[in-house]
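Since the structure comes first, as structure tokens, the remarks are kept for the end.
The values are calculated or read from the model by the stated rules, or taken from the named source; none is laboratory data. Owing to the predicted nature of the structure, the values given are computational and were not obtained by experimental measurement. Here the Cβ positions follow ideal geometry from the backbone for every residue, glycine too, while neighbour counts run over all protein chains shown.
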Amino acid sequence: MPQRVRHHDLERKGKRIAHGQPPKAATFRLVGQAGSPVGQATLPAALDVARRALKNKGMHEAGEAVTPDFFVTVDCGLAVGATRREITHVPIYVTVPGRVRQETQQVGATSSGTPIYQTVTIQDPPTQELRGYDTPSREVQSVNKLLRLLAYAKDPADARQLPAPVWGVQALFESDDAGLKKVLPVLAAACRVFVGQETKGATLIPMRHTDSDVSSLRSGR
């Protein structure tokens, strides 16, 4: 089943790229900026998929001796998502006593070999029967997985005041678990679609882990 990835186009300030797209021959250099412990632990993987996504978009990574067209900061992490109430159905079983019945059994024999019979009362083993369901409810807190790419014309590390980004994209993936690393290819694929584009707000796009764009970022093709 396709997952819904929420994409945000960040507010644009400063100069705009022609037609809202980064030039095909544009060069970039990645800058890691994860603030949370979870983001810092996952940052190497986030940088890897972000690099692949930008290259798949037609951009090129600049060498150390070359000043890139864009310094692209990469941030990833977790955020609190929506809360919902989840109802579960717990079966209720009751123990039913076994059936009581009379049975004639041989209890012995006379000296001449004639069998001696006796009627005895026998109760079958108890059984478990389903009588209904209990429906307890609990609050479930979802978790947002975040990947954010911001492109600057100058190295933000060298600036006294953080410059305005030329363009930025942010992808959110909402689920009940806190596994960030495994969804990074999905987030990067969503960012790749909208790099340099103006979406005028949030956009929901369906994506599967098996989609070719996601698989290519995961495998490094």
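Of the listed requirements (1) under 30 Å from Asp177 (Cβ atoms); (2) modelled with pLDDT of 90 or more; (3) of a type in the set (D, E, K, R), Asp124 misses just one: (1). Name the pairs: first residue in the stretch 177-192 and under 18 Å from Pro37 (Cβ atoms), second residue assigned to a helix (DSSP H, G or I), Cβ to Cβ under 6 Å, at least 6 apart or on different chains? Partner pairs satisfying both residue conditions: Leu180/Thr42; Lys181/Thr42; Lys181/Ala45; Leu184/Ala45; Leu184/Ala46; Leu184/Val49.
Residues of the stretch 56-103 that are β-branched (Val, Ile, Thr) and surrounded by 15 or more Cβ atoms within 10 Å (Cβ to Cβ): Val72, Thr73, Val74. The one condition from (1) more than 30 Å from Ala79 (Cβ to Cβ); (2) without any contact (Cβ under 8 Å) to a residue 12 or more places away in the chain that Thr135 does not meet is (2).
Scanning the stretch 110-126 for residues that are assigned to a strand (DSSP E or B) and under 18 Å from Ala26 (Cβ atoms) turns up nothing. Number of residues in the stretch 23-60 that are under 20 Å from Ala157 (Cα atoms) and among the hydroxyl-bearing types (Ser, Thr, Tyr): the value is 2. Somewhere in the stretch 109-132, is a residue of a type in the set (Phe, Trp, Tyr) and over 52 Å from the mean Cα position of the chain (by Cα)? Looking for residues that are of a type in the set (Phe, Trp, Tyr) and over 52 Å from the mean Cα position of the chain (by Cα), one finds at least one in the stretch 109-132, hence yes. Being at pLDDT below 85 and among the hydrophobic types (A, V, I, L, M, F, W, C) is a condition met by at least one residue of the stretch 32-43.
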